[in-house]
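The values are calculated or read from the model by the stated rules, or taken from the named source; none is laboratory data. Just so you know, these numbers come straight off a predicted model, no measurement behind them. Every residue, glycine among them, receives a Cβ derived from its backbone with ideal geometry; neighbour counts consider all protein chains shown. We work out accessible area using only protein heavy atoms, side chains counted, and drop any ligands, DNA or RNA first. Shrake-Rupley method; radii C 1.70, N 1.55, O 1.52, S 1.80 Å.
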Amino acid sequence: MKKPALPVLDMSQLNGSAEERLSFLKALRGAARDYGFFYLTGHGLALEKQKAILDLARTFFALPEKEKLEVQMANSPHFRGYTRMQGEITRGKPDMREQFDIMNEEKALAPAVIHHAWQRLHGPNQWPAALPALKGALLDWQQRLSDITVLLLKAFAEALEQDKDVFADNVDGGPYQHMKLIRYPGQTQGSSNQGVGAHKDPGYLTLVMQDGQSGLEVQTDKGWVSAEPIEGAFVVNIGELLELASNGYLRATLHRVVSPPAGIERLSCAFFMAARLDSTVPHLALPAHLAAEAKGPESDPANPLFFEVGENVLKGRLRSHTDVAARHYPDLMRATA
Ligand SMILES: O=C(O)CCC(=O)C(=O)O
Ligand SMILES: [Fe+2]
């Protein structure tokens with residue numbers, strides 16, 4: 001196999017000898033600083049389970065459109081459910097992908113206790129009646145991915161020489177979870193090949209499971225590189241909250257997906273770990289030798305970053321899903337117009 005363009009980290013080293021742990025932490029810090037992206041192996045999730053989730057995704061997307069639209073995201077003030085092709089906007093352009101989003105399974109809050117717009121993110125998922133197996137399988141998978149990201153976040157604290165509990169307030173009681181099944185159809189003549197436009201992820205950490213088809217591309221100092229699928233490995237990337245917490249020492253990197261060639265589809269499952277919506281991102285006090293390398297979080301006037309987690313998550317959702325925003329958050333849309 002060609003040498004991968006991004007570092008490969010073996011998470012089982014975290015449970016190994018003291019030297020192995022150190023070697024993992026050093027590699028983690030370097031990969032996240034230099035690329036903001038890496039492959040993760042040794043995470044303990046079996047290949048057959050991964051394939052079963054991608055098979056379920058394939059079955060879901062093959063349902064008649066009517067069944068999928070019954071659970072469309074536009075119905076949900078909590079940004080959960082099905083989004084059809086071109087239903088999501090990145091950098092002002094529609095993405096050529098269809099997707100199914102779930103988050104923590106929970107009740108919506110009563111209006112009387114809602115004081116901030118982001119509290120409306122809490123709520124139930126929508127599940128397709130035609131595929132009853134989806135609910136149990138996806139909620140279980142989401143929890144496993146969430147557990148991996150919590151371990152990784154702890155490892156980041158250690159790698160950055162922080163108190164081991166520096167992120168405890170962000171994750172105790174269960175961080176915000178968000179998982180997406182995604183299908184990218186093959187290119188068709190005359191249509192755009194923007195599977196998803198160049199973007200940074202808004203949360204702390206993202207885990208992506210890809211099928212065998214390439215398409216995910218990552219911006220590096222040497223230009224765009226392809227994150228070719230490695231069987232069994234997840235692709236991990238840093239989100240804006242971790243960049244913010246580390247004052248830019250860790251990088252939230254631009255990435256995009258280019259549509260597969262005509263006649264070929266690509267499936268993926270992305271898990272986004274934010275933090276508890278009611279928590280605040282800590283300002284990490286980096287030791288001098290690390291602080292000297294911190295670049296400061298990148299500032300982009302079109303994309304303000306907030307230390308309040310709920311604000312940051314809601315901002316990203318409103319921008320990507322303008323139909324949900326217009327239908328369920330007209331008050332906010334007027335305020336920002
Ligand atoms: O499908 C992929 O490989 C990545 C998707 C992605 O970057 C996203 O949904 O944020
Ligand atoms: Fe992404």
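Numbers for the structure displayed
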quantity: Local net charge near VAL166, Cβ-Cβ under 11 Å (Lys/Arg +1, Asp/Glu -1); calculated: -3
quantity: Cα centre as origin, Lys/Arg/Asp/Glu Cβ charges: the chain dipole, Debye; calculated: 740
quantity: Residue among ARG84, ARG144, ARG276 with the largest mean-square fluctuation in a Gaussian network model of the chain, springs linking Cα atoms under 10 Å; calculated: ARG144
quantity: CD proxy at 222 nm, helix term only [per DSSP H run n ≥ 4: -39500 (n - 2.57); per residue of the chain; nearest 500]; calculated: -9000 deg cm²/dmol
quantity: Accessible area expressed per residue, segment 8-336, with surrounding protein chains retained (probe 1.4 Å, Å²); calculated: 43
quantity: Mean projected area in nm² (Cα convex hull; one quarter of hull surface) for segment 217-318; calculated: 9.1
quantity: Coarse-grained scattering of segment 151-252 at q = 0.16, 0.21, 0.22 Å⁻¹, given as base-10 log I(q)/I(0) from a Debye sum over alpha-carbon atoms; calculated: -0.86, -1.28, -1.35
quantity: Cross-link pairs beyond the 18 Å C-alpha cut-off, checked among LYS3/LYS51; LYS26/LYS154; LYS164/LYS200; calculated: LYS3/LYS51; LYS164/LYS200
quantity: Unit charges at the beta carbon, dipole of the chain: most positive-side option, LEU121, TYR249, ILE264; calculated: ILE264
quantity: Against the rule of thumb 2.2 N^0.38 Å, how large the Cα Rg of the chain comes out; calculated: 0.96
quantity: Accessible surface of segment 8-336 [probe 1.4 Å, protein heavy atoms]: carbon and sulfur percent; calculated: 54
quantity: Centre separation in Å (Cα based) which lies between segment 189-256 and segment 18-79; calculated: 12
quantity: Formal net charge of residues neighbouring PRO124 (Cβ-Cβ distance under 14 Å; K, R +1; D, E -1); calculated: +1
quantity: Label-zone membership for segment 78-103, site ALA129, 7 angstrom Cα→C-beta point, backbone N under 18 Å; calculated: 81-82
quantity: Length-normalised contact order for the chain - Cα pairs under 8 Å, 6+ apart - percent; calculated: 21
